[in-house]
1. Would you mind telling me which numbered condition in (1) farther than 19 Å from Asp54 by Cα; (2) open to solvent by 50 Å² or more (accessible area, probe 1.4 Å); (3) modelled with pLDDT of 75 or more Ile152 fails?
2. Name the single residue, out of those in segment 155-180 being polar (S, T, N, Q), open to solvent by 10 Å² or more (accessible area, probe 1.4 Å) and part of a strand (DSSP E or B), that is nearest to Ser118 (Cα to Cα).
3. I'd like the full set of residues that are over 16 Å from Ile125 (Cα atoms) and touching a residue at least 40 places away in the same chain (Cβ under 8 Å), limited to segment 61-88.
4. Would you pick out the residues in segment 97-117 that are open to solvent by 50 Å² or more (accessible area, probe 1.4 Å) and at pLDDT below 85?
Amino acid sequence: MAGRPLTPAGSTADRTDWHWLTSALEQGGNGSLMTDPVPLSRACGPRVASRTPDADAISVRETRDFTMATLRQWGISDRAEDIVIVVSELITNAIRHARSDSAEPPLGWPIRLDLLQSGPCVLCIVVDPSDSPPVPQVPGCLGEAGRGLQIIDALSDQWGFTTPTDLGKVVWAMFSTRPDPLPQR
């Protein structure tokens, strides 16, 4: 069964749609999320798109496609490829490390991807049930794994994570973007 979207890509979020993120970030992480937070009371709130991928490699491709389609719908193309690559790395890491101890998904599954577009920023958020913080690796020159966090760091403006709890952790990456110009009439 493929991952399923939780909210439409063009929907406007209300306080409950991303209250969990605010609570998670207040618990602590390894960096500040935004220097100028957007007020929650704005009439036109942030746009949120969510997806709950399955724990397989096909879900990574489907999540990349979902992310690109969402960014197109939102009119964001200037950093779309970077955002898609980072989402792919975040989801791959979540699947790999949340399942590392057993073949079955752990209690508390699923992984959740949220894309949040507010003003000139796109925030990619992955929640997973793992209680292990992300740790950058130094892979060998011929190593086929271990570069995901280096890629995330290179392509995003900021990234971070919440302190893991028994419910898991939140890993996020933020991008400054420019909306596509409106078509000429």
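1. (2)
2. Taking the candidates together, the pick is Ser176.
3. Glu62, Ala69, Gln73, Trp74, Gly75, Ile76, Ser77, Asp78, Arg79
4. Going residue by residue through segment 97-117, those that are open to solvent by 50 Å² or more (accessible area, probe 1.4 Å) are 97, 99-105, 107-110, 112.
Answer for segment 97-117, where residues must be open to solvent by 50 Å² or more (accessible area, probe 1.4 Å) and at pLDDT below 85: His97, Arg99, Ser100, Asp101, Ser102, Ala103, Glu104, Pro105, Leu107, Gly108, Trp109, Pro110.
The values are calculated or read from the model by the stated rules, or taken from the named source; none is laboratory data. Everything quoted here is computed from the prediction, not taken from an experiment. Glycine also receives a Cβ, built like all others from the backbone with ideal geometry; neighbour counts cover every protein chain displayed. Quick note on the areas: whole protein, heavy atoms, side chains included, nothing else; ligands and nucleic acids left out. Shrake-Rupley method; radii C 1.70, N 1.55, O 1.52, S 1.80 Å.
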